[in-house]
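What follows is one structure encoded as structure tokens, with my remarks underneath.
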């Protein structure tokens with residue numbers, strides 16, 4: 001998934017990489033170039049079919065609505081909205097939710113940001129894991145398509161290893177601080193459901209005076225980061241949604 005890509009050559013190269021490494025869908029968020037233009041098509045080569053059927057979205061939340069596991073990439077070295085995770089751990093976590101026999105239209109996403117400034121903190125907070133490629137300190141900036149190539153190569157390698165019982169390893173406590181057992185993976189709730197619940201919670205907290213309009217965004221970002229680290233499942237999300245609805249009902253009735 002590419003967020004606001006500006007270079008048609010990069011978009012075409014990424015489509016080719018998707019074909020190289022067995023990625024069957026490319027999603028583009030508000031591209032700032034023409035993904036169907038000659039430059040992109042020329043670079044796509046045998047990935048042209050993927051390029052032509054790439055899905056377009058107006059913003060990242062819409063592109064992630066049906067996703068459960070999201071890994072975002074970042075090239076920044078300062079403190080991120082979420083703790084950085086080692087590449088292997090992040091991609092293992094992404095693969096842990098893969099369910100080939102499932103009817104789910106999309107189980108996970110690997111998100112790359114803009115060529116000039118990457119992903120914003122708000123966008124990073126929509127991911128369950130954030131990874132950064134280990135580069136030399138003298139010049140750490142990578143071309144977008146090069147970063148995609150490295151990540152997809154590692155994802156392909158790990159996916160092949162996961163098919164071999166002798167090489168398979170459980171997902172353990174990662175640098176992001178979330179542990180998962182070696183048993184069957186339980187996926188987080190869909191992104192759209194979590195976003196809807198957070199929007200309801202923010203409206204309620206504004207209504208009762210816990211949040212103020214000028215500080216609501218910053219405080220809800222902290223709540224979002226907390227929930228992302230916790231990996232909220234669907235039963236847990238139903239509990240949160242029920243709490244919000246009952247609190248709103250009580251607030252509107254002014255009951256003790």
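Computed from the coordinates by the stated procedures, all read-outs in this text should not be read as laboratory data. None of the values given here were measured: they were computed from a predicted structure. Every residue, glycine among them, receives a Cβ derived from its backbone with ideal geometry; neighbour counts consider all protein chains shown.
Using packing as a proxy for protection, rank 149-161, 123-135, 241-253, 7-19 so that the peptide with the highest average count of other Cβ atoms within 10 Å comes first. Before the final figure, lay out the partial values.
On the way: 149-161: 16.3, 123-135: 21.6, 241-253: 12.7, 7-19: 23.2.
Going from most to least packed, we get 7-19, 123-135, 149-161, 241-253.
I'd like the distance separating the alpha-carbon centroids of region 123-138 and region 182-256, in whole Å.
26 Å
For region 2-162, what is the largest minus smallest coordinate of the Cα atoms on each principal axis, given in angstrom and ordered from greatest to least?
Sorted largest first, the three principal extents are 43, 39, 29 Å.
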